[in-house]
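K.L.:
Sharing a structure with you now.
The values are calculated or read from the model by the stated rules, or taken from the named source; none is laboratory data. This is a predicted model, so every value here is computed, not measured. Cβ sites come from the backbone with ideal geometry, for glycine too, and all protein chains shown count toward neighbours. Side chains are part of the model used for accessible areas, which takes the heavy atoms of the whole protein and leaves out ligands, DNA and RNA. Shrake-Rupley method; radii C 1.70, N 1.55, O 1.52, S 1.80 Å.
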Amino acid sequence: MKAVVITSEGGPEVLRIQEVGDPEIKEDEVLIRVSASALNSGDTYQRQGLYPPPPGSSTYLGLECSGVVEAVGKNVSRWRIGDQVCALLSGGGYAEKVAVPEGQVLPVPPGISVTDAASLPEVACTIWSTVFMMSRLSAGETFLVHGGSSGIGTFAIQIAKYHGARVFVTAGSEEKLAACKDLGADVCINYKTEDFVARVKEETEQKGVDVILDCIGASYLQRNLDCLNFDGRLFIVGFLSGVATQVDLRGLLAKRLTVQAAGLRYRSPENKAAIMKEVEQNVWPAVAEGKVKPVVFKCFSLSEAVEAHRLIESSKHIGKILLLP
């Protein structure tokens, strides 16, 4: 099969498409012929040598994909050859075929193309596991997502609105804020021209928001704490601005705040399967109803992985970027 290979650690130019051996499936895995794979920021970190795959996982890039089941291991019960599916991966999506544990596979939702379905697993699992399973966002609460126009942001806006939250976003251009508003965001803040803490306080009668999903990290930590309501929950899923900072802990105590962080890639297959089950029960119906839609910015061929990585690192996109074998 063909796969995108990292020839050495570095910039996008180190990516090459090569002929490689087909993956071998284990007894509890399915082999998917890939229709599309979506880019994630973690792919760019892995390319630079900063985000290695878990032991035993594919060394190729790609944390999610969609496609058609081509083979099943002898212990696989749910899936049949020919099923159209999408999957959460530990690696291997930038290829024509990938092996994945059956519990990390979901059916393509009704009304969604098999190509667009590649944009769903990583964002759906990230947001459901953090914002809902752990931070317990509920109807009537307020929710702030930073990077509202990103793949995670565009999905978070829609699923939070579906579940009855009032949604705040930050983004860095009027075009991106307009896209967030079109997806249902209630309060759109340009972080380059506005103080998001002041705007959040103004829009919430000085109370602050109940839940924040943050991918920025160090430089936003104190400001995030400052704009949380009593019993507020901050969930950190990225460190774009760095990993070390200093904060005033008194606000956590006074307002009974909770700070959590988590990723998906290094979780056990059993943990990922549990999240996938919840996503199928709680998120897939919203997608099937058309209330939560894939937001795909651009598709590239597998041989254009270099250009795709340049685009995601430019942050000029809105939503997800796909690679098509």
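K.L.:
Using the Karplus curve 6.51 cos²θ - 1.76 cosθ + 1.60 with θ = phi - 60°, what ³J(HN,Hα) values do you get for each residue of the stretch 74-88, in whole Hz, with x for Gly and Pro?
P.N.:
Here the 3J(HN,Hα) series is 5, 9, 7, 10, 7, 9, 10, 4, x, 5, 8, 9, 10, 8, 8 Hz.
K.L.:
Using a Förster distance of 41 Å, how high is the FRET efficiency between VAL247 and GLU289, based on the Cβ-Cβ distance and rounded to 0.05? Before the final figure, lay out the partial values.
P.N.:
On the way: r = 41 Å, r/R0 = 0.99.
For R0 = 41 Å, the calculated efficiency reads 0.50.
K.L.:
Quick check for you: with a 1.4 Å probe and neighbouring chains kept, what is the accessible area per residue of the stretch 141-296, in Å²? Could the numbers behind the result be given before it?
P.N.:
Details: 7060 Å² over 156 residues.
In whole numbers, the stretch 141-296 has 45 Å² accessible per residue.
K.L.:
In whole Hz, with x marking every Gly and Pro, tabulate ³J(HN,Hα) for the stretch 110-116 from phi via Karplus 6.51 cos²θ - 1.76 cosθ + 1.60, θ = phi - 60°.
P.N.:
x, x, 10, 5, 4, 5, 4
K.L.:
For the residue pair THR193 and THR258, what label-to-label distance in nm results when each label sits 7 Å from Cα along the Cα-to-beta-carbon direction?
P.N.:
3.7 nm
K.L.:
Report Rg(Cα)/(2.2 N^0.38 Å) for the stretch 112-162, keeping two decimals.
P.N.:
Details: Rg = 11.3 Å, N = 51, 2.2 N^0.38 = 9.8 Å.
Compactness ratio reported: 1.16.
K.L.:
A follow-up question, please. List the residues of the stretch 226-243 whose backbone N lies under 18 Å from a point placed 7 Å from the Cα of ASN271 along the Cα-to-Cβ direction.
P.N.:
235-239
K.L.:
May I have the convex hull volume per residue, in Å³, for the Cα set of the stretch 1-50?
P.N.:
Working: hull volume 5.6 nm³, N = 50.
In the stretch 1-50, the Cα convex hull volume per residue is 113 Å³.
K.L.:
So what is the 222 nm mean residue ellipticity for the chain from helices alone, if each DSSP H run of at least 4 adds -39500 (n - 2.57) and you divide by all residues, rounding to the nearest 500 deg cm²/dmol? Before the final figure, lay out each step's value.
P.N.:
On the way: 10 runs with 84 residues, N = 325.
So the helix-based figure for the chain works out to -7000 deg cm²/dmol.
K.L.:
Among the aspartates and glutamates, select those whose C-alpha is under 15 Å from the C-alpha of LYS201, and discard any that sit fewer than 8 residues away in the same chain.
P.N.:
GLU141, ASP186, ASP210, ASP226
K.L.:
Where the convex hull is taken over the Cα atoms of the chain, what is its projected area averaged over directions, in nm²?
P.N.:
Computing the convex hull of the Cα atoms and averaging its projections yields 15.6 nm².
K.L.:
Still on this structure: Quick one: of LYS207/LYS272; LYS255/LYS316; LYS277/LYS298; LYS97/LYS320; LYS161/LYS207, which pairs are farther than 32 Å apart, Cα to Cα? Before the final figure, lay out each step's value.
P.N.:
Working: LYS207/LYS272 35 Å; LYS255/LYS316 37 Å; LYS277/LYS298 29 Å; LYS97/LYS320 21 Å; LYS161/LYS207 20 Å.
Violating the 32 Å limit, Cα to Cα: LYS207/LYS272; LYS255/LYS316.
K.L.:
Which order do the peptides 23-32, 100-109 take when ranked by the mean count of other beta-carbon atoms within 10 Å per residue, highest first? It would help to have the intermediate numbers written out before the result.
P.N.:
On the way: 23-32: 19.5, 100-109: 22.3.
Result, highest mean Cβ count within 10 Å first: 100-109, 23-32.
K.L.:
Now for a separate question. Using a probe of 1.4 angstrom, how much of the accessible area of the stretch 49-162 is carbon and sulfur, in percent?
P.N.:
With neighbouring chains kept in place, the figure for the stretch 49-162 is 54 percent.
K.L.:
Compute the distance in nm between two label points, each set 7 Å from the Cα along the Cα-to-Cβ direction, one at PHE230 and one at ARG136.
P.N.:
In this crude label model, PHE230 to ARG136 measures out at 1.6 nm.
K.L.:
I would also like to ask the following. So what are the stretch 147-286's ellipsoid semi-axes, whole angstrom, largest first, if each one is the square root of 5 times an eigenvalue of the alpha-carbon gyration tensor?
P.N.:
Largest first, the stretch 147-286 gives 24, 20, 15 Å.
K.L.:
Could you give the distance between the Cα centres of the stretch 16-74 and the stretch 224-276, to the whole Å?
P.N.:
Result: 28 Å between the Cα centres.
K.L.:
Using a 1.4 Å probe over the heavy atoms of the protein chains, calculate the carbon and sulfur portion of the accessible area of the stretch 242-325 as a whole percent.
P.N.:
On the way: 2480 of 4610 Å².
About 54 percent, which is the carbon plus sulfur part of the accessible surface.
K.L.:
Could you tell me, in Å, what Rg and Dmax come out for the Cα atoms of the stretch 243-325?
P.N.:
Radius of gyration, then largest Cα-Cα span, for the stretch 243-325: 18.9, 54 Å.
K.L.:
Here is a further query. Over the residues of the stretch 17-129, compute the C-alpha Rg and express it relative to 2.2 N^0.38 Å. All intermediate terms of the calculation are to be shown ahead of the outcome.
P.N.:
On the way: Rg = 13.2 Å, N = 113, 2.2 N^0.38 = 13.3 Å.
Normalised Rg, Cα atoms only: 1.00.
K.L.:
Also: Indicate, rounded to the nearest 5 percent, the antiparallel portion of the DSSP beta bridges found entirely in the chain. Intermediate results must be reported in sequence, preceding the final value.
P.N.:
On the way: 28 of 55 bridges.
Percent antiparallel among DSSP bridges in the chain is about 50.
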